[in-house]
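Only the coordinates and a few stated rules stand behind these numbers; no lab work does. In this text the structure is predicted, and so the values were computed from the model without any measurement. Reconstructed Cβ throughout: ideal geometry from the backbone, glycine too, with neighbour counts over all protein chains shown.
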Amino acid sequence: MTDSQSTAAGTPQKPTTVILVRHGRTPTTGQVLPGRAPGLYLSQTGRDQAQHVADRLAGVPVSAIYTSPMERTRETAEPTERATRLTAVVEPDLIECDFGDWTGRTLTELMKLPEWSAVQRTPSSFRFPNGESFSHMQARMVDVVERIQGAHPGGTVVCFSHADPLKALLAHALGSHLDQFQRIVVDPCSVSVIAYHPGQAPQVLRVNSTEGSLASLVS
């Protein structure tokens, strides 16, 4: 049943729409695995991207904004906060994966490690040294979005997070095994959208969208 169909009582069921935004570009995007290390902010390109997201959300009746506690995600949320006149709620479970001992290392260096193959091919079996497993990362993302969308039934929520957590969440929503989540692309400041209908599997409406108004997604 879709949002155009009705309950037995004749009342239309409106889905809760969750708009997922990866943070904008930083000076180290694509070069370093920053993880949860503090002090990383957006580049000028990233700030422009963040404003573009806010512009794309014009006309969307946003019920609430949630953001990872990292500086780069909170900074990305700021233009949307100003446009909607809402204050973002800092949600710890939207945080980046804990890369443990790999935090701050360059991707060029990490790609040479034998463990890199597991990260790409069998991530469900991998835990970062002294860090988080991909399985735990996915589970916390599914749980936190379930809590968030449950708190805003029939509303539209914007969540600012990070690439790997968003990819893992999207894989779950698509019904894909975690070992396939690396096939999903989530670019800086791209938007992905999931509709949650009561009692049904989620519907993935957009993945890695970077252009165009988002108003048509929410009636």
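Annotations
- Antiparallel content of DSSP bridges confined to the chain, in %, to 5: 50
- What the Cβ-Cβ distance of Gln180 and Thr28 gives, at R0 = 30 Å and to the nearest 0.05, is a FRET efficiency of 0.65.
- In this structure the amide hydrogen of Val32, modeled in the peptide plane, comes within under 5 Å of the amide hydrogens of Leu107, none closer than 5 places in sequence on its chain.
- Rounded to the nearest 10 degrees, the inclination of helix 134-151 to the longest alpha-carbon principal axis of the chain is 20 degrees.
- Net charge dipole size for region 67-115 [Lys, Arg +1 and Asp, Glu -1 on Cβ; Debye, nearest 20]: 240
- Sorting the segments 17-25, 47-55 by their mean number of nearby beta carbons within 10 angstrom, highest to lowest, gives 17-25, 47-55.
- The modelled label-to-label distance for the pair Glu71/Ala139, using points 7 Å beyond Cα in the direction of Cβ, is 3.2 nm.
- Amide H contacts under 5 Å for Ala64, placed H, 5+ residues apart: Thr156, Val158
- For the chain, the longest principal axis of the C-alpha atoms and the axis of helix 44-56 are separated by about 20°.
- Residue ranges 66-74, 107-115, 138-146 sort as 66-74, 138-146, 107-115 when ordered by packing (mean number of other C-beta atoms within 10 Å per residue, highest first).
- Mean Cβ count within 10 Å, highest first, over the residues of peptides 171-179, 159-167: 159-167, 171-179
- Furthest towards positive pole of dipole, Val90, Pro34, Ala58, structure part the chain, Cβ charges: Ala58
- Across region 94-109, rounded Karplus estimates of 3J(HN,Hα) from the backbone phi angles (6.51 cos²θ - 1.76 cosθ + 1.60, θ = phi - 60°) give 8, 5, 4, 4, 7, 7, x, 5, 7, 4, x, 8, 6, 5, 4, 5 Hz, Gly and Pro being marked x.
- Note on Leu107/Asp55: beta-carbon distance plugged into 1/(1 + (r/R0)^6) with R0 of 41 Å gives a FRET efficiency of 0.85.
- For region 1-124, taking Cα atoms only, Rg and Dmax work out to 18.7, 60 Å respectively.
- Convex hull volume per residue in cubic angstrom - Cα atoms of the chain: 113
- For the chain, a crude dipole built from +1 on the beta carbon of Lys and Arg and -1 on the beta carbon of Asp and Glu, taken about the Cα centre, is about 220 debye to the nearest 20.
- ³J(HN,Hα), Karplus 6.51/-1.76/1.60, whole Hz, each residue of region 164-176, x for Gly, Pro: 5, x, 5, 4, 5, 5, 5, 4, 5, 5, 7, x, 8
- Acute angle (nearest 10 degrees) that the helix 71-84 long axis makes with the longest principal axis of the chain, alpha-carbon atoms: 20
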